Amino acid sequence: MAAHQEKKLAEERKHRNMQNDTKASQGQWGRAWEVDWFSLASILFLLMFAPLIVYYFIMSCDQYQCSLTDPLLDLLTGNKHLSDIWNRTPALTYRAAGIYSLWVTFQVLLYVSIPDFCHKFLPGYVGGVQEGAVTPAGIVNKYEINGLQAWIITHVLWFANASCFHFFSPTIIFDNWIPLLWCANILGYAVSTFAMVKGYFFPTNAKDCKFTGNFFYDYMMGIEFNPRIGKWFDFKLFFNGRPGIVAWTLINLSFAAKQQELYGEVTNSMILVNVLQGIYVLDFFWNEAWYLKTIDICHDHFGWYLGWGDCVWLPYLYTLQGLYLVYHPVHLSTAHAVGVLMLGLLGYSIFRMTNHQKDLFRRTNGNCRIWGKKPEYIECSYVSVDGTKYYSKLMTSGFWGWARHFNYTGDLMGSLSYCLACGFGHILPYFYIIYMTILLTHRCIRDEHRCCSKYGKDWERYTAAVPYRLLPGIF
C-alpha cells in the first residue's frame, strides 16, 4: 500500500513538473515575435540560396563526377555558361511526377489509415496513440505513432518487388533522381505556402499562431505551431518523419543497386553507408514517441524551414555519401572499414545512451541510478510568464556531466563515420559533417540562450559544474 502511494505521488510530481516547464517555456522558446536585421538577412539568404545549393550538389555529381570546383572553374574561365549547365540538366518528366505522387500518397495512407500494430508485439516499443507536449496555448495534441510500421511495410514491399514481382527496377530512384528533385521542390513550396495561408485564414488553433508582420520571416519560420487537417494529419510529424526519412534508406538501397548494375558489385563502403544510416533511421522510428518531446515538435512552428527542408534538403543532401559512391566506388581496406564501423556504432551508442539517461532522469524526477549510482544534479528555480515560481533539476552526472550536449557529440561521431566511408578523394561527401556541426552547434547556442533566460544565476551554477558544450576539455 505504501509503495503504491509513493508511486502515485511520484507520478503526480512528474506531471506537475512537465506542466511547470511548459508554462515557463511559453514566453522563452519557439520562433520570434519580432525580426531583427540579422535574422531577416539570414532568412533571405536561405530562401534564395538553399535551393541553389541542393541543385549545385546534385548537378555536380550528374555532370562533373561530384567535383564541386569544376563547375565554378568552367563558368569563371568561360568554358561554359549557366545556360549550358542548365540545358544538360534533366527536366521534370511525367514518369517522375507519377512516381513521386504515388510515393507521397502511399505514405499519407500509411500515416492516417493504418493504426499502429507494432507496439502490440514488439517489447519496449512505444507506438499507437501518444500525447505530445503542451503547446503555448495549453493544447495537448494526440498523435498516431506508426512510423516504424510505415517503414517496415514500405521496405517489405520494396524487397518483395526486387526479388519476386519486378514491377520496377531497384535503381528507379537513382535513374530519376534529378526529375524527382523538381517534384520534391514543388511539394516543398506547395506545402509551405499552404501552411502560411492556413495560418492566416483557417488555423487549427489561432492561439498557437505567431505573426511578426514580416512576410519572409513568417513564410520561412512558420505561423502555426501545429497545423493539422482533420484529427490525425499533423503537418509537422508527417513531414519530419515521412516521406523523407522513410525514403532515406530506400534511396541508399537504390544507389547500392545502381552500383551493382554499373560495376557488378556493391562495395564495402556502400554497405557501410547503408548499414550505419539504416541504424540511424530505425532508431528515429523506434523512438518516434520520444521525438514528440524534441525541439522540432515542441518549439518550432511549421513553415518553409520544415516543409521545404524535409521534402528537399533532407532526402537530397543527407544521402550524398551513397550518391557519391555510385560515381566513385570506394573499396576500403579492412582496417579502414572496421574503423568506420566502430566509429559509427560508438557514436550511435553514445547518442542513444545519453538521451536515455536524460529521459530516465526526467521520468523518475532524479530517483534512478546513472552508471550505478544516484545521479547528481543542481536544483534550479525559475519564474513563469504568470509570475509563479517553480523548481527544476539539471543533471550533472553520467554523460551529462561530461558535456551539456553530449548527445550531439555522439550524433556528430556517427555523421563523421558516414563521410569517412567514402574515402578522401572529394570534399562533397563531407558536406554532411560540416552541415551537422553547424546545425548542432547552433542548436546548442539556441538552447542555452533559452536556459540562461529561464534559470538566470542557477544556469551559471550549472555551466560552472558542466563547463563544456560538446567536447570535454575543448568546447
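The values are calculated or read from the model by the stated rules, or taken from the named source; none is laboratory data. This one's a predicted model, so the numbers in the text were calculated from it and none came from an experiment. So basically every Cβ, Gly included, is an ideal-geometry build from the backbone, and we count neighbours across all protein chains shown. Just so you know, the surface numbers come from the protein's heavy atoms only, side chains and all, with ligands and any DNA or RNA stripped out. Shrake-Rupley method; radii C 1.70, N 1.55, O 1.52, S 1.80 Å.
In the stretch 321-348, which residue that is outside the structural domain of GLU265 (by the TED database) and within 18 Å of the chain's Cα centre (by Cα) is surrounded by the most Cβ atoms within 10 Å (Cβ to Cβ)?
If we take residues in the stretch 321-348 being outside the structural domain of GLU265 (by the TED database) and within 18 Å of the chain's Cα centre (by Cα), then GLY344 is surrounded by the most Cβ atoms within 10 Å (Cβ to Cβ).
What are the pairs, 6+ residues apart or on separate chains, where a residue within the stretch 418-439 that is farther than 12 Å from HIS336 by Cα has its Cβ under 6 Å from a residue that is open to solvent by 50 Å² or more (accessible area, probe 1.4 Å) and of a type in the set (A, V, I, L, M, F, W, C)?
Note: pairs meeting the criteria are ILE433/LEU416.
Conditions: (1) touching a residue at least 12 places away in the same chain (Cβ under 8 Å); (2) more than 31 Å from the chain's Cα centre (by Cα); (3) surrounded by fewer than 12 Cβ atoms within 10 Å (Cβ to Cβ). ILE85 meets all but one. Number of the miss?
Of everything listed in (1) touching a residue at least 12 places away in the same chain (Cβ under 8 Å); (2) more than 31 Å from the chain's Cα centre (by Cα); (3) surrounded by fewer than 12 Cβ atoms within 10 Å (Cβ to Cβ), ILE85 misses just condition (3).
With respect to LEU148, is the statement that it is in the same structural domain as LEU323 (by the TED database) and within 20 Å of TYR305 (Cβ to Cβ) true?
Criteria not met by LEU148.
Would you pick out the residues in the stretch 321-335 that are in contact (Cβ under 8 Å) with a residue 60 or more places away in the chain and in a helix (DSSP H, G or I)?
GLN321, GLY322, LEU323, TYR324, LEU325, VAL326, TYR327 - these are the residues of the stretch 321-335 that are in contact (Cβ under 8 Å) with a residue 60 or more places away in the chain and in a helix (DSSP H, G or I).
So that you can scan it fast, the table gives a plain yes or no per residue for (1) more than 30 Å from TYR143 (Cα to Cα); (2) open to solvent by less than 50 Å² (accessible area, probe 1.4 Å); (3) at pLDDT 95 or above; (4) assigned to a helix (DSSP H, G or I):
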| site | (1), (2), (3), (4) |
| --- | --- |
| LEU46 | yes, no, no, yes |
| ALA50 | yes, yes, yes, yes |
| CYS66 | yes, yes, yes, no |
| PRO71 | yes, yes, yes, yes |
| LEU92 | yes, no, yes, no |
| ARG95 | yes, no, yes, yes |
| TYR100 | no, yes, yes, yes |
| LEU109 | no, no, yes, yes |
| HIS119 | no, no, no, yes |
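Kindly indicate whether any position in the stretch 124-146 is open to solvent by 30 Å² or more (accessible area, probe 1.4 Å), farther than 25 Å from ILE223 by Cα, part of a helix (DSSP H, G or I) and out of contact with any Pro (no Cβ under 6 Å at 6 or more places or on another chain).
So far as the stretch 124-146 goes, no, none of its residues is open to solvent by 30 Å² or more (accessible area, probe 1.4 Å), farther than 25 Å from ILE223 by Cα, part of a helix (DSSP H, G or I) and out of contact with any Pro (no Cβ under 6 Å at 6 or more places or on another chain).
Checking TYR56 against (1) of a type outside the set (A, V, I, L, M); (2) open to solvent by less than 10 Å² (accessible area, probe 1.4 Å); (3) modelled with pLDDT of 95 or more, only one condition comes out false. Which one?
(2)
State whether the residues of the stretch 193-215 include one that is of a type in the set (S, T, N, Q), out of contact with any Phe, Trp or Tyr (no Cβ under 6 Å at 6 or more places or on another chain) and assigned to a helix (DSSP H, G or I).
yes
Can you tell me which of (1) under 17 Å from GLY230 (Cβ atoms); (2) at pLDDT 95 or above; (3) in contact with a Phe, Trp or Tyr (Cβ under 6 Å, 6 or more places away or on another chain) is the one TRP151 doesn't meet?
Tallying (1) under 17 Å from GLY230 (Cβ atoms); (2) at pLDDT 95 or above; (3) in contact with a Phe, Trp or Tyr (Cβ under 6 Å, 6 or more places away or on another chain), TRP151 fails exactly one: (1).
Being over 27 Å from ASN176 (Cα atoms), outside any helix (DSSP H, G or I) and either of a type in the set (Phe, Trp, Tyr) or modelled with pLDDT of 95 or more (or both), is that true of even one residue in the stretch 23-32?
The answer is yes; a qualifying residue exists.
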